[in-house]
Amino acid sequence: MKKLAYWGFIVISFFSVSSLKAQDKQQVINKVWKAVGGKSTFEKSRYLQFTFALERDGKTLASRDHLWDRYTGDYRFETTDQDGKKTVVLFNINTKKGTAYQDGTALTGEANDKMVQKAYATFINDSYWLMVPLKLQDPGVNTELMPSEEVNGTKCDIIHLNFDKVGLTPGDQYWLFVNDDTGQIIQWKFLLQGQKNSSIFVWSPYQDLGNGLKLSTKKTNEESKSSIYFPTAKVLASVEQDIFIKP
C-alpha cells in the first residue's frame with residue numbers, strides 16, 4: 001500500500017507540473033494577445049491593407065501592396081518590377097483561384113495559374129512578417145515555452161514555434177522573444193527550412209493599425225543592415241467591393 005501511495009504521489013505531481021507548464025505558456029500567449037489589442041479586436045478587423053518592403057543600406061529593394069478581406073478570403077496583390085511592369089493579382093486565398101494582370105492585360109492558362117500561385121506564396125510570406133503574433137494558435141502551429149532570457153536588460157519569455165505539415169515551408173522554426181512586462185515581441189530568431197544559419201530581427205516600432213490592432217511595422221537585422229518594414233499598415237472600415245474584381 002505504501003508503494004502504491006508513493007507512485008500515486010508521483011503521478012499526481014507529474015500532472016500538476018505538466019499543467020503548470022501548460023498554464024505558464026498560455027499566460028505568455030495571453031500576454032501577446034493583450035499587447036496586440038486582443039482576439040476580439042483582430043476578429044473585428046475585416047479589411048487589412050499593408051505594404052511589405054525590403055530595405056538594405058537605406059535603399060528600398062522591393063515593395064509589394066496587399067489588401068485582404070479576411071471574412072471572404074478575397075485578395076488584391078500589386079507590385080511593380082524593376083522594369084516598371086505592373087502586376088495585379090485578384091484571387092481568393094481559400095480557393096487559390098483568380099486572375100493575374102500585367103500592365104492591365106489579363107494572363108491566361110498556365111501563365112495565369114503560376115502568377116496566382118506566386119501571389120499566394122507572397123501573401124503567406126509577407127503577412128507572416130506582419131501578423132505572426134496573431135497566428136500563434138493557428139491549426140498546425142506547435143508552441144513551446146523555453147527558458148526565459150534577458151535581451152539588452154529586458155527579461156523575455158521565449159516561445160518556440162514549429163509546424164505540423166502546414167504552410168509552404170513547414171520545416172521553418174521561430175523563437176519569439178516576448179517582453180515579460182508588456183507582452184510585446186521585441187525580436188525573433190528564425191531558422192528557415194533548408195538553411196543552416198539562423199537570423200535575428202529586432203521588432204520596433206509598434207503602431208496602432210486602426211480599430212485597436214497594434215503590430216510591429218519594422219523588423220531589422222543589424223548584421224546585414226537590412227529591414228522588413230511596412231510603410232502602409234492599416235485596418236480599413238470598408239472598401240469598394242470592385243477593388244477585388246477590377247485591376
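What follows draws every value from the coordinates through simple rules; no lab data is involved. Nothing here was measured: the structure is a model prediction, and the numbers come from that model. Cβ sites come from the backbone with ideal geometry, for glycine too, and all protein chains shown count toward neighbours.
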Express in whole angstrom the spacing between the alpha-carbon centres of the range 129-148 and the range 96-117. 33
Local charge sum around Gly73 (other residues, Cβ-Cβ under 13 Å, Lys/Arg +1, Asp/Glu -1)? +3
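Using a Förster distance of 25 angstrom, determine the FRET efficiency expected from the C-beta separation of Phe190 and Lys85, and round it to 0.05. Walk me through the numbers on the way to the answer.
Numbers: r = 31 Å, r/R0 = 1.25.
FRET efficiency, Phe190 to Lys85: 0.20.
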What is the spin-label model distance, in nm, from Lys44 to Asn197 if the labels are put 7 Å beyond Cα along the C-beta direction? 4.6
Under 5 Å from the placed amide H of Thr154, counting only residues 5+ away or on other chains, we find none
Options [x] 29; [y] 36; [z] 47 - which one matches percent of Cα pairs over 26 Å apart as calculated here: [z]
In a GNM of the chain with a 10 Å cut-off on Cα contacts, which of Thr220, Thr122, Thr72 has the highest mean-square fluctuation? Thr72
Could you tell me which residue out of Gln49, Val141, Phe177 lies farthest along the dipole of the chain toward its positive end? Charges go on the beta carbon: Lys and Arg +1, Asp and Glu -1, centred on the Cα centre. Val141
What are the ³J(HN,Hα) values, in whole Hz, obtained from phi via the Karplus relation 6.51 cos²θ - 1.76 cosθ + 1.60 with θ = phi - 60°, for each residue of the range 150-155 in sequence order, with x given for Gly and Pro? 9, 10, 6, x, 9, 5
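Counting alpha carbon pairs within less than 8 Å and at least 6 residues apart, what relative contact order, in whole percent, applies to the chain?
Values: 459 pairs, mean separation 50.8, N = 247.
Taking the mean separation of contacting Cα pairs over the length of the chain, I get 21 percent.
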How large is the dipole of the chain about the Cα centre if only Lys and Arg carry +1 and Asp and Glu carry -1, each at its Cβ, rounded to the nearest 20 debye? 580
Taking a label point 7 Å from the Cα of Gln27 along Cα-to-Cβ, the residues of the range 146-179 whose backbone nitrogen sits under 11 Å from it are none
Relative to the longest principal Cα axis of the chain, at what angle does helix 2-36 sit, 0 to 90 degrees, rounded to 10? 30
Please build a GNM for the chain, connecting alpha carbons under 10 Å apart, and tell me which residue among Val151, Val116, Val88 fluctuates the most. Val151
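How high is the relative contact order of the range 71-135? Use alpha-carbon pairs under 8 Å, at least six apart in sequence, and give a whole percent. Walk me through the numbers on the way to the answer.
On the way: 79 pairs, mean separation 14.4, N = 65.
Rounded, it is 22 percent for the range 71-135.
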Taking Cα atoms, how many degrees apart are the long axis of helix 109-131 and the longest axis of the chain, rounded to 10 and kept between 0 and 90? 40
Comparing Ser63, Ser198, Ser127, which has the greatest mean-square fluctuation in the GNM of the chain with Cα pairs linked when under 10 Å apart? Ser198
